[in-house]
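Colleague: If you scroll down you'll find the structure; I have some questions about it.
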Amino acid sequence: MATKFVSVPIVDLAPLSTVELSEEALIAVAKELHEVFATTGFAYLINSPLSFSNEEILGLAREFFSIDEEKKMALFPCSAQCDNFKEGFEMGCCTPNRSSSTSSDSPFTLTEPNVFPPLYTFPSRHRLEILYTELLSLSRTLLALLALSLEKPSEAFTELLTHSVSTLCLLHYPAVLPSAPSQELSCSEHTDSGLLTLLVQDATGGLEGRNAAGDWIPAPYVPGSLVVNIGDLMAMLSGGKFVATSHRVQSVKTERFSVPFFCEPGADEWVGEKGKKVRYEDWVLGKMKS
Ligand SMILES: O=C(O)CCC(=O)C(=O)O
Ligand SMILES: [Fe+2]
């Protein structure tokens, strides 16, 4: 159950990188994660085991969005209209994903192959692929700890990640000019769909989470941190113990970059309560329609 939190807590992952990690230390981190996901649904993670600095990660986004507009649009034709004021590039698993086992009438598919600009246009593709792998690995660790904290076997959630359709996104929120027609939000209120989200944001600010009283609580940049939050699927798999907190991004006066990683199961995994399981892809595409 979300609480009336007034700030976003910090969880220190340093113990995970110690050479001889004791069981007590591991359980203490699991308990801390359990506590934040059962209350705020959001936390800052510090001292994560990633080999990338936030500056390097944000640099990848800046490099991508500096590609000439025409070249970008030729590769990624844009069709959908939406109420969000941002541009994004999304990549999935680096080895081609199994295509979906069922056909759907949805314009979205969770298993389409990655499309990259040519290397001479975007030389950092390889770094992005390594980042994807590291974020998936960190997600696995967090999911194992959350499973333990719920007194489930440690692989209860990680086993869903075979053929994972997790995505790494580069996002660019252009500055909203004072002369522009009123544009309140750069990213409208929503909950994430999957298991959990790991996000690197720049220092611009604008990200907010909604507490149980309906107040919007800012989640400003904390140097060196990743923001983590639970998605709808994890809230469901935890039997409602963990909360998928609504969040949004206020419109920004200067341009903003962020890099979220959405950790999701395989499209064909069966998820949900015993007797009421649904294919993940059907469930998530159904949610997008509603
Ligand atoms: O850019 C951000 O800080 C948040 C983006 C977000 O919530 C999303 O893409 O789901
Ligand atoms: Fe989100």
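The values are calculated or read from the model by the stated rules, or taken from the named source; none is laboratory data. A quick note: this is a predicted structure, and the numbers were derived from the prediction, not measured. Quick reminder, even Gly has a Cβ in these numbers, built from the backbone with ideal geometry, and neighbours come from all protein chains shown. For the accessible areas, the whole protein counts, side chains as well, though only heavy atoms, and no ligand, DNA or RNA atoms are used. Shrake-Rupley method; radii C 1.70, N 1.55, O 1.52, S 1.80 Å.
Colleague: Enumerate the strands (runs of 3 or more DSSP E) found wholly within the range 189-235, keeping only those where 1 or more residues are near ligand 1 (Cβ under 10 Å from one of its atoms) and closer than 21 Å to residue 133 by Cβ.
Modeller: 196-201, 226-230
Colleague: Which members of the range 236-259 meet the condition of being outside any loop (DSSP other than H, G, I, E, B) and among the small types (Gly, Ala, Ser)?
Modeller: Result: 258, single match.
Colleague: Take the conditions closer than 24 Å to residue 156 by Cβ and β-branched (Val, Ile, Thr) and apply them to residue 228. Does it pass?
Modeller: yes
Colleague: Taking the range 14-51, which residues are in a loop (DSSP other than H, G, I, E, B) and open to solvent by less than 40 Å² (accessible area, probe 1.4 Å)?
Modeller: 40, 41, 48, 50
Colleague: Among 208, 155, 151, 159, which is the only one that is open to solvent by less than 60 Å² (accessible area, probe 1.4 Å) and charged (D, E, K, R)?
Modeller: 208
Colleague: Give me the residue from the range 242-258 that is closer than 29 Å to residue 179 by Cβ and surrounded by 23 or more Cβ atoms within 10 Å (Cβ to Cβ) and, out of that set, farthest from ligand 1 (Cβ to nearest atom).
Modeller: Selected residue: 256.
Colleague: Within the range 222-247, how many residues are more than 16 Å from ligand 2 (Cβ to nearest atom) and either under 15 Å from the mean Cα position of the chain (by Cα) or over 20 Å from residue 146 (Cβ atoms) (or both)?
Modeller: 4
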